[in-house]
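Step one of this worksheet: look at the structure below.
Every number in this text was worked out from the coordinates using simple rules, so none of it is lab data. None of the values given here were measured: they were computed from a predicted structure. A quick note on method: Cβ atoms are made from the backbone with ideal geometry, for glycine too, and the neighbour counts reach across all protein chains shown.
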Amino acid sequence: MWKLKTVTGGLLALAMMTGCDVVQEEKQQETLRTNVEDSIGMGRTAYASRCINQQLMAAKDSDAYYLWLSMRNKLYYTRMQTDSMKVTMNRIQQYISSCNHKARKPGRGGSDFNLLQAEWLLAKGVWHTAIMGRPDSGLVYNNKAIEQLKKINARPQLMLSALTNQADYYRQLGKLDYSADAYMQALALSDTMNNPNANTAVELGIATVYTFMADYENSNKWWKRAEQHVSEMQRADQFIFYNNRGNDLYLQQRYSEALPYFKKAATLVKGDSTKAWDYYTARANMGEIYVWLGHTEQARQALDEADAFFQQAGFDIVRYYIETSRIGLDLKEGHTDRALKRMAEASTPKHMLPAAVVQRLKIEELVYRTAKMMPQAYAVHQQKDAIKDSIQTANMTMRMNANLLQYQHNRKLDEQQHIIDRQYIMGLLAWGLFLIATLIIIVLGILVYLRHRQHQLHNLEVRQQIVRLRMENIRNRISPHFIFNALNHEMLAQMNGKKVNLSSLTQLLRRGLAQTEMLETTLSEELAFIKYYVSIESQQMESDFRFKIEKEKNVNTDRVFIPAMVVQIYVENAIKHGLRPKKIVEGKYRDLLIKIHRKGTDSTEIEVLDNGMGLGPTSTEQMHTGMKVVQQTIQMLNDHNNSKIAFGIMNRRDLPAGETGCRSWITVPDSFDFLL
């Protein structure tokens with residue numbers, strides 16, 4: 001454990017960073033251990049061995065080292081290297097004892113040490129049960145491991161292994177009701193892990209328990225359930241399925257159906273030196289089936305192979321089964337004397353399972369009956385029935401207990417499901433209320449938005465109305481201005497003694513008023529009005545006045561829209577303030593020219609050119625009424641457009657020296673919008 005002697009900002013930050021690194025490293029180590037454990041289960045022992053060796057060399061402290069040594073112990077068990085397994089467990093035990101004796105928790109805070117203790121207890125349970133044939137001792141160690149795992153909140157996979165081991169040990173002790181309960185707990189845990197392999201191992205265990213309880217209705221149901229996904233199982237689980245399913249059918253005396261399962265189990269592990277134990281177990285089972293089917297030669301070969309292996313391994317429990325099969329084989333071949341000799345020489349191990357003893361007594365009774373030894377046959381029969389009655393009574397009790405445990409388990413599941421359903425309903429209700437509230441908020445938001453939008457539209461309409469009124473006010477100034485100029489023109493003509501054409505005047509006023517009422521017009525309409533206006537003005541001018549319109553061919557005046565009366569005002573100003581006041585000079589002309597051409601690719605420019613008086617100093621400071629109207633109209637239209645109308649008036653610079661004149665112009669974009 002780290003101890004901080006001084007608490008400063010920098011050291012505290014360093015401690016927090018170090019703590020995060022330790023947690024991250026522990027998670028990585030746990031993930032790696034899980035991967036290696038899965039590799040061992042899938043038979044990838046070479047890969048697992050390399051990883052274990054690498055981690056042993058890279059271990060940062062003793063706890064980590066011995067944890068990986070415990071993982072190597074699992075590899076030894078898979079390979080059935082019992083001597084190496086025993087030596088490794090003793091090394092781990094010595095380390096744990098030394099740490100407990102010194103009352104310290106080595107390594108990083110003791111979490112690895114506590115996990116190591118649990119792993120060692122699990123390994124001791126496996127050793128006593130699988131190797132020594134003492135499931136009672138194995139159960140003691142396994143239960144201690146479960147308590148240790150609960151304290152340290154170990155990963156679910158390790159707790160699942162402990163529960164399935166507990167269930168298997170109870171099964172071997174004949175406490176099948178407790179075995180079923182342990183498997184149910186394991187099943188509930190595996191369901192939370194979302195791991196198909198974990199569910200498979202538990203389902204196989206439950207099916208095996210029902211087999212040993214002789215509850216073949218339930219065992220068949222669970223075996224068929226497991227058989228649906230045999231192809232998806234790991235090889236170790238596939239072996240358990242084929243071997244234990246064969247045992248289930250054997251106990252139901254369905255020998256011909258059992259044989260293919262044992263054959264598949266043996267074929268699955270044949271040739272794998274690390275699975276020799278499993279292979280010869282399957283061969284021993286095949287030998288017993290061959291005996292009952294009368295295939296004596298195949299039975300002898302299988303039994304001899306299995307007996308030679310387990311004799312060398314020193315595992316007397318399996319040899320007891322093999323010896324029972326040999327007695328049956330002698331009987332099948334008619335060698336009663338040999339069978340009697342085997343029976344006389346045979347002994348029953350102290351911790352042999354009652355079901356195996358019943359099987360031996362059953363064969364012995366048949367031998368005695370065949371040898372006409374009725375008293376011995378009767379004694380064996382009595383002994384067999386006593387054990388069978390005991391087993392049946394125990395089985396009935398266990399079935400009742402198992403049913404009770406199943407009922408309690410189902411009730412607990414129902415309660416949990418009820419809680420889940422209630423939470424689900426409450427969740428739906430909460431979501432419903434949330435959706436209703438959200439809908440209300442959305443509706444209110446839409447209403448507020450619509451109200452705001454309506455208010456904006458109303459304000460926009462008001463502003464547009466104001467703009468239109470201002471525009472009308474501006475445009476209305478054109479009408480009296482135009483009328484005044486027209487009347488003034490005729491009055492001056494009359495005063496000068498010239499003839500007044502009232503019909504032409506009336507027509508001019510009518511067309512002029514019509515143009516002023518429009519905000520926009522086509523360039524062709526504007527030019528038509530200008531031609532009529534100039535034709536009337538030219539009557540009051542002398543013969544030196546000339547008017548001309550120049551237009552580029554690519555300009556379509558019917559498709560060009562301009563503000564109404566703007567060009568007319570330019571023409572009117574050119575005549576009134578530029579050409580008319582100019583003195584007549586012999587041999588020279590007073591010219592008025594309108595030029596129309598494209599400017600760029602998106603605009604049309606109209607120029608009004610004259611060679612009159614030009615703009616004097618006072619002309620630039622005092623803007624005439626018509627030009628004020630032009631300026632205000634265009635400015636207001638530009639305020640509502642991205643593309644702007646350009647316009648202006650200036651003195652000409654293209655005339656010969658000594659001559660004056662004025663240039664008025666307007667450039668209108670093609671995309672200009674005249675709507676306000």
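Please order 292, 120, 222 by the number of other Cβ within 10 Å, starting at the fewest. Walk me through the intermediate numbers first.
Numbers: 292 18, 120 25, 222 21.
By the 10 Å Cβ count, ascending, the order reads 292, 222, 120.
Over all directions, what mean area does the Cα convex hull of the stretch 504-669 project, stated in square nanometres? The partial results should precede the final answer.
Values: hull surface 42.5 nm².
Answer in nm², one decimal: 10.6.
In whole Hz and in residue order, list the ³J(HN,Hα) couplings for the stretch 232-245 that follow from phi through the Karplus curve 6.51 cos²θ - 1.76 cosθ + 1.60, θ = phi - 60°; x for Gly and Pro.
Each residue of the stretch 232-245 in turn: 8, 6, 5, 4, 4, 5, 4, 4, 4, 4, 4, 5, 6, 5 Hz.
Fewest first, what order do 36, 585, 358 take by the number of other Cβ atoms within 10 Å?
Numbers: 36 23, 585 9, 358 17.
Starting with the residue having the fewest Cβ neighbours, the order is 585, 358, 36.
Check the stretch 504-669 and count each lysine pair with an alpha-carbon distance under 13 angstrom, considering only pairs eight or more places apart or from different chains.
Values: 531/548; 548/595; 551/595; 551/599; 553/595.
Final tally of qualifying lysine pairs is 5.
Which links in 124/263; 27/60; 332/372; 175/264 stretch past 21 Å when you go from one Cα to the other?
Numbers: 124/263 32 Å; 27/60 15 Å; 332/372 16 Å; 175/264 30 Å.
Checking Cα-Cα distances, 124/263; 175/264 exceed 21 Å.
Which order, highest average first, do 294-303, 649-658 follow once you tally other Cβ atoms within 10 Å for each residue and take the mean per peptide? Walk me through the numbers on the way to the answer.
Values: 294-303: 17.3, 649-658: 10.6.
Peptide ranking by packing, descending: 294-303, 649-658.
Compute the convex hull volume of the Cα atoms of the stretch 143-257, divide it by the residue count, and report the result per residue in Å³ as a whole number. All intermediate terms of the calculation are to be shown ahead of the outcome.
Working: hull volume 11.2 nm³, N = 115.
Residue-normalised Cα hull volume stands at 98 Å³.
Given contacts defined as C-alpha pairs under 8 Å and at least six residues apart, what's the relative contact order of the stretch 176-307, whole-number percent?
15 percent
How much length is gained if the chain between residue 317 and residue 459 is pulled fully straight, taking 0.36 nm per residue apart and subtracting their Cα-Cα distance, in nm to one decimal?
Details: separation 142, 0.36 × 142 = 51.12 nm, distance 9.98 nm.
Extending this stretch completely gives an extra 41.1 nm.
What GluC sites (Glu not before Pro) in the stretch 516-579 are in a loop by DSSP, with at most 14 other Cβ atoms within 10 Å of the Cβ?
Numbers: sites: 517, 520, 525, 526, 537, 542, 550, 552, 572; in loops: 517, 542, 552.
Filter output for the stretch 516-579: 517, 542, 552.
What is the set of long-range amide H partners of residue 549 at a cut-off below 5 Å, with H atoms built 1.01 Å from backbone N?
Amide H to amide H, under 5 Å and 5 or more residues apart or across chains, residue 549 pairs with 594.
Amide H neighbours of residue 521 under 5 Å, counting only residues 5+ apart in sequence or on other chains, H built in-plane at 1.01 Å?
562, 564
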